[in-house]
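Asker: Got a structure for you, questions after.
The values are calculated or read from the model by the stated rules, or taken from the named source; none is laboratory data. Keep in mind the model is a prediction, meaning the values are calculated, not measured. FYI the Cβ positions are ideal-geometry reconstructions off the backbone, even for glycines, and counts take in every protein chain you see.
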Amino acid sequence: MHGFLASSVSVTCAAALALPLALSAPAQAGPSAVTSELAAPGSTQSLPLVPLTGERALGSAAPEQGLTRRDVRPFSLVGIVWDNPDSELHGRVEVRTRAAATGNWSGWQDVETHNHEHAADPDTAEGDSGRVRGSTAPLWVGDSDGVEVRVQAEVDERATTAGDSPLPRGLRLELVAPGADAASVGAQPDAPHTDAQPGLSRSGAQVRAPRAGALSAAYAGYAAVDTGRLDPTSATEIPELAPNVIPALSQQETERELLAERPGEQRVKPYIGPRPRIITRKGWGANEKLRERGFVYSKKVKAAFVHHTASGNNYSCSQVPSVIRSIYRYHVVSSGWRDIGYNFLVDKCGNIYEGRAGGVAKAVTGAHTLGFNTDSMGIAVLGSFGKSKPSASAVTAIAKLTAWKLGLFGVNPRGKTYLKSGGGNLYKKGKNVRLNVISGHRDGFSTECPGRQLYSKLGTARKAAAKYQGR
């Protein structure tokens with residue numbers, strides 16, 4: 001029989017990994033020590049957890065660990081990490097924070113745990129890097145300067161009898177400050193497309209010049225990033241030339257650029273949706289020095305996996321660049337990943353954001369669905385959707401994005417496809433799995449992601465995406 005100190009939190013959504021990261025793990029310091037990564041705008045404070053109540057004599061084997069209320073440097077996002085990414089955190093993680101503006105403390109908030117589905121794909125360089133750590137989902141709390149945390153184990157009496165620790169070793173609280181918004185454009189409602197707006201072909205060639213010549217150099221720079229033809233050692237410098245926003249194109253213009261790129265190959269009118277407006281990495285203020293250099297590509301995009309970030313719904317759309325910068329920093333600095341895991345992110349207002357670097361129109365290998373990162377793309381909707389419904393704008397953005405991106409590769413959003421599993425808890429390695437072209441994370445791995453409410457909207461997104469393609 002199992003005894004429980006706390007109810008377990010269902011597994012949620014985050015990213016599986018692909019490549020090692022050239023960053024060191026947080027320093028292992030005493031209980032009162034704070035380490036920070038200050039080489040770029042924004043920062044990460046890392047605080048080791050300690051046993052709570054009367055369990056202090058057990059040290060790191062204590063079934064309840066945390067930190068009492070304390071003052072800290074300003075932060076906006078929290079998460080918990082631990083040493084071994086193969087260890088699972090079975091239990092409940094709760095935090096409360098003090099708002100910097102008012103000095104008021106929040107109530108206890110759950111931080112959603114997730115486990116093995118958020119590790120490196122088997123037999124990848126990332127799996128042997130030694131830099132990846134186990135981690136919870138991040139939680140956005142807004143501008144704060146005080147924190148309290150408790151982690152309560154779900155105790156297995158048999159494991160306790162055998163002397164095993166009920167919680168993973170090396171638990172640390174990560175407090176992430178996103179840095180200033182000066183370099184980002186912020187979120188905006190979708191702008192109507194016009195044929196006069198500049199466009200980029202999938203190969204990165206400029207299709208139309210902007211009406212004002214000021215953007216020409218910026219788009220040329222972004223085209224270089226999009227093609228991935230540059231020396232990877234210099235790739236971190238290129239996005240400084242990129243535009244903040246890739247504008248929307250009409251369906252006619254989108255078809256025209258695709259046909260121009262593939263003379264002789266595409267002899268019939270393609271099924272492709274109009275390119276949506278996309279806020280680039282520069283637009284949300286990504287610090288390209290954080291991520292690992294270079295890019296990894298698949299041969300094509302055959303499927304899209306939809307996720308939620310499980311970071312909570314307490315954000316405004318004007319805050320989204322800060323939210324994404326915080327998730328990016330948490331993925332890279334705290335969890336040891338090579339870049340943000342998702343290929344794209346969507347907010348509640350329907351804005352679409354470039355995620356993992358390498359080119360929005362290319363088959364960039366992401367880190368989002370363990371076992372199925374090859375030949376797929378990952379779209380994460382900002383928020384938690386186990387109980388809360390996603391906005392209609394977010395579902396529409398998923399449809400528009402998939403209609404365009406899948407259309408570049410000739411894929412029907414309402415169709416089925418086969419992907420070969422890299423290994424996981426639903427499908428063994430090497431198995432060819434038949435999936436919906438637009439699937440939820442839970443279709444490839446046993447997880448609650450993307451949340452029941454968002455998952456129930458995927459049928460709507462499939463129908464709308466096919467309609468945008470003209471099917």
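Asker: Given (1) over 30 Å from Arg471 (Cβ atoms); (2) at pLDDT 85 or above, identify the lone condition not met by Pro239.
Answerer: (2)
Asker: Of all residues in the range 406-422 being among the hydrophobic types (A, V, I, L, M, F, W, C) and over 22 Å from the mean Cα position of the chain (by Cα), which is farthest from Gly444 (Cα to Cα)?
Answerer: Restricting attention to the range 406-422, the residues satisfying the condition of being among the hydrophobic types (A, V, I, L, M, F, W, C) are 406, 408-409, 411, 419.
Adding the requirement that they be over 22 Å from the mean Cα position of the chain (by Cα) leaves 408-409, 411.
Values: Leu408: 23, Phe409: 21, Val411: 19 Å.
Per the stated criteria, the residue is Leu408.
Asker: Separate question: Would you pick out the residues in the range 89-107 that are in contact (Cβ under 8 Å) with a residue 40 or more places away in the chain, surrounded by fewer than 16 Cβ atoms within 10 Å (Cβ to Cβ) and assigned to a loop (DSSP other than H, G, I, E, B)?
Answerer: Ala100, Ala101, listed by residue number.
Asker: Same structure again: Confirm whether Lys348 is without any contact (Cβ under 8 Å) to a residue 60 or more places away in the chain and in contact with a Gly (Cβ under 7 Å, 6 or more places away or on another chain).
Answerer: yes
Asker: On to the next question. Scan (1) more than 30 Å from Gly371 (Cβ to Cβ); (2) at pLDDT 90 or above; (3) surrounded by 22 or more Cβ atoms within 10 Å (Cβ to Cβ) for the single condition Gly79 breaks and write down its number.
Answerer: Failing condition for Gly79: (1).
Asker: In the range 367-399, how many residues are in contact with a Leu (Cβ under 7 Å, 6 or more places away or on another chain) and farther than 23 Å from Val433 by Cα?
Answerer: Going through the range 367-399 one residue at a time, the tally reaches 4.
Asker: Okay, moving on. Taking the stated definitions as given, is Lys429 over 30 Å from Arg262 (Cβ atoms) and among the charged types (D, E, K, R)?
Answerer: So Lys429 passes the test.
Asker: For the range 263-275, indicate whether the set of residues that are free of Cβ contacts under 8 Å to residues at least 40 places away in the same chain and of a type in the set (Val, Ile, Thr) is non-empty.
Answerer: yes
Asker: Return the residues of the range 364-405 that are closer than 21 Å to Leu426 by Cβ and under 14 Å from the mean Cα position of the chain (by Cα); say none if nothing qualifies.
Answerer: Listed by number, the residues that qualify are Thr365, Gly366, Ala367, His368, Thr369, Leu370, Asn373, Met377, Gly378, Ile379, Ala380.
Asker: Could you grab me the full set of residues in the range 351-364 that are of a type outside the set (Gly, Ala, Ser), in a loop (DSSP other than H, G, I, E, B) and in contact (Cβ under 8 Å) with a residue 24 or more places away in the chain?
Answerer: Within the range 351-364, Asn351, Val360, Lys362 qualify.
Asker: Exactly one condition in (1) surrounded by fewer than 24 Cβ atoms within 10 Å (Cβ to Cβ); (2) over 21 Å from Gly444 (Cα atoms) is not met by Asn425; state its number.
Answerer: Failing condition for Asn425: (2).
Asker: Let me ask another. Given the residues Arg462, Arg442, which is the only one that is touching a strand residue (DSSP E or B) at 6+ places or on another chain (Cβ under 6 Å), basic (Lys, Arg), buried (at least 19 other Cβ atoms within 10 Å of the Cβ) and in contact (Cβ under 8 Å) with a residue 12 or more places away in the chain? Quick ask: steps written out before the conclusion?
Answerer: Working: Arg442 fails: touching a strand residue (DSSP E or B) at 6+ places or on another chain (Cβ under 6 Å).
Checking each option against the conditions leaves just Arg462.
Asker: Between Gly350, Gly312, Gly294, which is modelled with pLDDT under 95 and either in contact with a helix residue (DSSP H, G or I) (Cβ under 6 Å, 6 or more places away or on another chain) or among the hydrophobic types (A, V, I, L, M, F, W, C) (or both)?
Answerer: Gly294
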